[in-house]
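Data first, discussion second: the structure below is written as structure tokens.
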There are 2 protein chains.
Amino acid sequence: MAQKNKLQFIILGLLNQQPLTGYDLTKAFDTEIGEFWQAQHSQIYPQLKRLEDQGYITHEITISGAKLEKKLYHITATGTALLSSWISDGTPDLTATKDEFILKLYFIQNNRDPRLPGMLQEQLALHTGKLAHLKQRLTTVFPTKASQTENYGHFLILQHALGRETYYVDWLKQTLQQISKKR
Amino acid sequence: MAQKNKLQFIILGLLNQQPLTGYDLTKAFDTEIGEFWQAQHSQIYPQLKRLEDQGYITHEITISGAKLEKKLYHITATGTALLSSWISDGTPDLTATKDEFILKLYFIQNNRDPRLPGMLQEQLALHTGKLAHLKQRLTTVFPTKASQTENYGHFLILQHALGRETYYVDWLKQTLQQISKKR
DNA sequence: GCGAGCATGTAAAAGGTTACATGATTAG
DNA sequence: CTAATCATGTAACCTTTTACATGCTCGC
């Protein structure tokens, strides 16, 4: 197995909250889940078919407008069981974060390398933007204390992502300061 | 392209520091680079062949003992040029961190879910261990202030990883405290 | 001598991205 | 009417993992 097919569990998890179409699922990877996993529709549609063949989900066809067919997928009892077992199973593997920028940094041996400031600044802009985006999402999706406990998992991962980005931005700023002293 | 073949640049970057064998390169992914990228020897050997065909690296054969042939790879002038252009190019894509645990968390809607404490504790143990490992590496690889500037990129990414793990551990502890209040 | 680690490769399978393809709906 | 978005699917390609396969060296 290349990575134990986590996509199937994500789909089951989303369908466990409410019935969705393949299109809906695809969109979820741009917003909710996008922070921690990515998948394209070309990967989702075949996976839906496989999950249905295995009996973990079913679909009903609804018609939008005159004749546009939508496949609305539902999770089955065996599907929720599979989802549960995945969540309950241990998660002992800490996957390496594949960060291309960090990789490039590794190959810059000299702290007075002229490319360093520009590279750090580019990342600072990117991560500052992402941080702002996350802050806004956290306040719009979870405006009240009560709303945070309603969908606790979602709240937690947003909060986690926010903290992570905060650290990243701080580290970039600190590193920029460090190199400015040394030139 | 599935991901723009970053492996080739990592190999070039490592060979730019010193000539290495495929075996040496493979080991580098367990230690130095392992924090930010992973690759197996089955991916490295074919990549070396491709890089050599394209003229970015060459190899010389050395003999260990009686007849064990080692291929010691060197980077060429066009190789260093390619490496430079990769580093100089912008890095505008922030790849999503694929963290299976965070994913599972997302699907736990209730903050009194009985599985939560155990899951958080398991991760706390894992990340605490990793943090300790990183701390030790930082002090053994870079014991003095002077040594830090010698291989600045390596120092930076170790420091970054350390900070990231510190945040992760703190967040886990904080979350554990949060849920203990609510039960 | 023997086992751990050195050393190099190929093959098969799975996961993931980009491109190709088509058609319907809805808001302006 | 027309462009953006909804909606579903397949094909080709690349990356990555796991498994298969072989042989040497060195310390004990």
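Scan the stretch B:19-37 residue by residue and report those that are in contact with an Asp or Glu (Cβ under 9 Å, 6 or more places away or on another chain) and either polar (S, T, N, Q) or away from every other protein chain (no Cβ under 11 Å) (or both). Steps first, please.
Residues of the stretch B:19-37 in contact with an Asp or Glu (Cβ under 9 Å, 6 or more places away or on another chain): B:19, B:36-37.
If the condition is that a residue be in contact with an Asp or Glu (Cβ under 9 Å, 6 or more places away or on another chain) and either polar (S, T, N, Q) or away from every other protein chain (no Cβ under 11 Å) (or both), then B:P19 is the only one that fits.
Quick one: A:I102 ticks every box in (1) within 30 Å of B:D93 (Cα to Cα); (2) within 16 Å of DNA strand C (Cβ to nearest atom); (3) in contact with a helix residue (DSSP H, G or I) (Cβ under 7 Å, 6 or more places away or on another chain) except a single one, so which number is it?
Single failed check for A:I102: (2).
Among all residue pairs at least 6 apart or on different chains, which show Cβ distances below 7 Å where the first residue, located in the stretch A:24-49, is modelled with pLDDT under 90 and more than 8 Å from DNA strand D (Cβ to nearest atom) and the second is of a type in the set (G, A, S) and not in a loop (DSSP other than H, G, I, E, B)?
That search, which allows pairs on different chains as well, returns A:E35/A:A161.
Can you find, within the stretch A:1-31, the residue that is nearest to A:R137 (Cα to Cα) among those that are aromatic (F, W, Y) and surrounded by 15 or more Cβ atoms within 10 Å (Cβ to Cβ)? Break it down stepwise before answering.
Residues of the stretch A:1-31 aromatic (F, W, Y): A:9, A:23, A:29.
Then drop every residue that is not surrounded by 15 or more Cβ atoms within 10 Å (Cβ to Cβ), which leaves A:9, A:29.
Values: A:F9: 24, A:F29: 15 Å.
Checking each candidate, the answer is A:F29.
If A:L83 meets every condition in (1) facing chain B (nearest Cβ under 10 Å); (2) surrounded by fewer than 20 Cβ atoms within 10 Å (Cβ to Cβ); (3) not in a loop (DSSP other than H, G, I, E, B) apart from one, which number is that one?
With respect to (1) facing chain B (nearest Cβ under 10 Å); (2) surrounded by fewer than 20 Cβ atoms within 10 Å (Cβ to Cβ); (3) not in a loop (DSSP other than H, G, I, E, B), A:L83 is out only on (2).
Does the stretch A:98-111 contain at least one residue that is among the hydroxyl-bearing types (S, T, Y), assigned by TED's automatic domain parsing to the domain that holds A:Q136 and closer than 30 Å to B:I11 by Cα?
Checked against the condition, which is being among the hydroxyl-bearing types (S, T, Y), assigned by TED's automatic domain parsing to the domain that holds A:Q136 and closer than 30 Å to B:I11 by Cα, the stretch A:98-111 yields at least one hit.
Can you report the number of residues in the stretch B:70-86 which are β-branched (V, I, T) and farther than 22 Å from B:T26 by Cα? First the steps, then the outcome.
We begin by selecting, within the stretch B:70-86, every residue β-branched (V, I, T); these are B:75-76, B:78, B:80.
If we keep only those that are farther than 22 Å from B:T26 by Cα as well, we get B:78.
Final tally of qualifying residues: 1.
Looking at the stretch B:137-150, is at least one residue over 30 Å from A:T91 (Cβ atoms) and within 7 Å of another protein chain (Cβ to nearest Cβ)? I'd like the intermediate steps shown before the answer.
Just the residues of the stretch B:137-150 that are over 30 Å from A:T91 (Cβ atoms), to begin with: B:142-150.
Remaining after also requiring within 7 Å of another protein chain (Cβ to nearest Cβ): B:149.
Among the residues of the stretch B:137-150, at least one is over 30 Å from A:T91 (Cβ atoms) and within 7 Å of another protein chain (Cβ to nearest Cβ), which makes the answer yes.
Could you tell me whether the stretch A:95-112 includes any residue that is more than 7 Å from every other protein chain (Cβ to nearest Cβ) and either in a helix (DSSP H, G or I) or on the phi < 0 side of the Ramachandran plot (or both)? Give the steps one after another, and end with the answer.
Pass one, the stretch A:95-112, residues more than 7 Å from every other protein chain (Cβ to nearest Cβ): A:112.
If we keep only those that are either in a helix (DSSP H, G or I) or on the phi < 0 side of the Ramachandran plot (or both) as well, we get A:112.
Within the stretch A:95-112, one or more residues are more than 7 Å from every other protein chain (Cβ to nearest Cβ) and either in a helix (DSSP H, G or I) or on the phi < 0 side of the Ramachandran plot (or both).
Of these, B:L124, B:L94, B:L120, which one is more than 30 Å from A:P117 (Cα to Cα), surrounded by 13 or more Cβ atoms within 10 Å (Cβ to Cβ), away from DNA strand C (no atom under 11 Å from the Cβ) and within 23 Å of the chain's Cα centre (by Cα)? Explain how you work it out, then say what you get.
Numbers: B:L94 fails: more than 30 Å from A:P117 (Cα to Cα); B:L120 fails: within 23 Å of the chain's Cα centre (by Cα).
Matching residue, one of B:L124, B:L94, B:L120: B:L124.
Run B:T140 past the list (1) modelled with pLDDT under 95; (2) in the same structural domain as B:E35 (by TED's automatic domain parsing) and report the number of the one that doesn't hold.
(2)
Got a sec? Which of B:L105, B:L158, B:L131, B:L162 is of a type outside the set (D, E, K, R), more than 24 Å from the chain's Cα centre (by Cα) and surrounded by 16 or more Cβ atoms within 10 Å (Cβ to Cβ)? Give the derivation first.
Numbers: B:L158 fails: more than 24 Å from the chain's Cα centre (by Cα); B:L131 fails: more than 24 Å from the chain's Cα centre (by Cα); B:L162 fails: more than 24 Å from the chain's Cα centre (by Cα).
Of B:L105, B:L158, B:L131, B:L162, the one residue that is of a type outside the set (D, E, K, R), more than 24 Å from the chain's Cα centre (by Cα) and surrounded by 16 or more Cβ atoms within 10 Å (Cβ to Cβ) is B:L105.
For A:L131, are the conditions met, namely being more than 10 Å from chain B (Cβ to nearest Cβ) and out of contact with any Leu (no Cβ under 6 Å at 6 or more places or on another chain)?
Values: more than 10 Å from chain B (Cβ to nearest Cβ): yes; out of contact with any Leu (no Cβ under 6 Å at 6 or more places or on another chain): yes.
Yes, satisfied.
Sort out for me the helices (runs of 4 or more DSSP H) sitting completely within the stretch A:1-58 that have 3 or more residues that are away from DNA strand C (no atom under 14 Å from the Cβ).
A:6-17
The values are calculated or read from the model by the stated rules, or taken from the named source; none is laboratory data. As the structure is a computational prediction, the values presented were derived from the model and not from experiment. With ideal geometry, Cβ positions are generated from the backbone for all residues, glycine too; neighbour counts draw on all protein chains shown.
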